[in-house]
Each structure stands twice: as C-alpha cells, then as structure tokens.
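Inspection log for the structure reproduced underneath, given as structure tokens.
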Amino acid sequence: MTQHSARKFDAARAGEYASQSRIALAGYDACHELSACMLSAALGEGEPARVLVIGAGGTAGEIIAAARLEPAWSFVAIDPSPPMLELARAHMDDAGVSDRVKTVLGTLEDIDSTPSFDAAIMIGVLHHLAGDEAKQEILTQIAARLLPAAPVVIAGNYRPYSSQPLLMAAWAARWRMNGVTPEEVQSKMNKILHGAEPPQSEEAVVALLENAGFVKPLRFFASLFWGAWLARRISVAA
C-alpha cells in the first residue's frame, strides 16, 4: 500500500474496519484462515519461516491465523496508515502474538530489499492501488524481498465492479441483510464504484504476478468480486 492509498484509511475508517470488512467480504475470516493454511501447506508444517505482511493494518487477521497455526513463524508487518497499524497492534496484543511480529509504519521501500523472507501475504491492497503500474510495482517489490521459490498469498477484488451488475446487486443485498438502510446501501455502492480500481480480470492478476517474477498462481478462495491466490517466487533469484 502506498502513502496515497493510505489516506483513505483514517481514524474513522479504522474504527469501523473490523465490522465493515466482514460485511463487505463474505468469508472474511475464512479467507484469512485459508491464507495461513495455504502458506503452511506450501512451506511445510512446523517449519520456521519469516513472513512479510503488506497492508497489515486493521484486524491483523492474516497474522493472527498464521501465528496460531505455525508457532515457529515470525512476521514483519508493514502499513502506511498509523490508525490502521495501531488497530492491528491492539488485535495482536489481544491474541498474544505480538512478540513474534515486528511492525513497520511505512511502505515496502522501508524494508530491506535483499531477499530474506520465506513467504509473504498481501490481502486487500491491490485493488486500492490506482493503475497497473502501481500494482505491478508493489508485486515486483514483494518478489525482490522473497527467497527463491518462496510462496506469496495475494487477495483482493478483481474485475471492474460495473462489469458485473448481478454481483453488485448481490453485494448490496448483503449489506441489506446486515441491517443497512437503502440510503446507506446506495452510499456504500457509490463508494465502492469510485473508491477502488481492481485489476481487469483474473487473467490480469496472473499476468501481474508472472511479470513480477512469480509462477503457478493458484486461486484458492473466491467471494463475489474477491479472489485469493497463492504463487511462488521463481526458483532462481533474479
């Protein structure tokens, strides 16, 4: 996540993030749990690993799930939004995993660029980056910090929202299901349409990953516009 995209995640949004995210993404917790399970399967049960988490602010769900599953993992968690990172720290404290997590307020440029991580996770970030160039850049920066053959989990919305009116209607219905008024639903749909820029398709996500130096992307989770993939860094360092 960049400093520009971080401006959307101010103190007000941080305060409602946990509840709002679980409505906006049906299967929010399942996605985070499966991300941990996929990385564990890729790395091997019980193996020590150093995991880079990009856009870690908010619930810290991906870190908490992974830390509980694999006690030998440690984490470097980075986010450019102070209120979101503070919220993540509070959740990690409550979960009792903070001693295994180094938090960094900033962007990937604040992390040493030499390959030193065994895995990476980036959930809910890619569609907040405007343009393919910014999306490509962050994936390339992630790849540069991963050891050869290291797995990465990438999750977020893909496909233009306006291209799927039926999915948009179902998304609105989910908000209604959770007690949101028609006026609020319309406001949220407008924010969704104008507040993010997902990749154009799943094929576009795969192309971005491959161009960054990853191979064999595999989608393991989907929910309306949302998808989650595991890919591996090329086996020979670039």
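Taken together, the residues in the range 149-174 that are open to solvent by 30 Å² or more (accessible area, probe 1.4 Å) and either part of a loop (DSSP other than H, G, I, E, B) or without any contact (Cβ under 8 Å) to a residue 12 or more places away in the chain (or both) amount to 9.
Does Leu146 count as surrounded by 14 or more Cβ atoms within 10 Å (Cβ to Cβ), within 29 Å of Asp118 (Cα to Cα) and not small (Gly, Ala, Ser)?
Numbers: surrounded by 14 or more Cβ atoms within 10 Å (Cβ to Cβ): yes; within 29 Å of Asp118 (Cα to Cα): yes; not small (Gly, Ala, Ser): yes.
Criteria met by Leu146.
Within the range 79-103, residues that are farther than 19 Å from Ile121 by Cα and of a type outside the set (Asp, Glu) reach partners that are open to solvent by 60 Å² or more (accessible area, probe 1.4 Å) and modelled with pLDDT of 95 or more with beta carbons closer than 7 Å, at six or more positions or on different chains, in the pairs Pro82/Leu105.
Residues that are open to solvent by 30 Å² or more (accessible area, probe 1.4 Å) and out of contact with any helix residue (DSSP H, G or I) (no Cβ under 7 Å at 6 or more places or on another chain) within the range 90-112 comprise Ala90, Asp93, Asp94, Gly96, Asp99, Lys102, Glu109, Asp110, Asp112, listed in sequence order.
Select, from Lys216, Lys191, the only residue that is free of Cβ contacts under 8 Å to residues at least 24 places away in the same chain, of a type in the set (Lys, Arg) and in a helix (DSSP H, G or I). Give the steps one after another, and end with the answer.
On the way: Lys216 fails: in a helix (DSSP H, G or I).
Unique residue meeting the criteria: Lys191.
Of the helices (runs of 4 or more DSSP H) entirely within the range 1-52, those holding at least 2 residues that are open to solvent by less than 20 Å² (accessible area, probe 1.4 Å) and at pLDDT 90 or above occupy 28-43. Just so you know, in the range 59-106 the residues that are aliphatic (A, V, I, L, M) and part of a loop (DSSP other than H, G, I, E, B) include one that is farthest from the chain's Cα centre (by Cα), and it is Ala72.
Residue selection: Ala150 fails the criterion of being in contact with a helix residue (DSSP H, G or I) (Cβ under 7 Å, 6 or more places away or on another chain) and either modelled with pLDDT of 95 or more or under 30 Å from Ala72 (Cα atoms) (or both).
The values are calculated or read from the model by the stated rules, or taken from the named source; none is laboratory data. The shown structure was predicted, so the numbers you read here are calculated from the model rather than taken from an experiment. When we count neighbours, we look across all protein chains shown, and the Cβ atoms used for this are built from the backbone with ideal geometry, even at glycine. Only protein heavy atoms, including side chains, enter the accessible area calculation; ligands, DNA and RNA are left aside. Shrake-Rupley method; radii C 1.70, N 1.55, O 1.52, S 1.80 Å.
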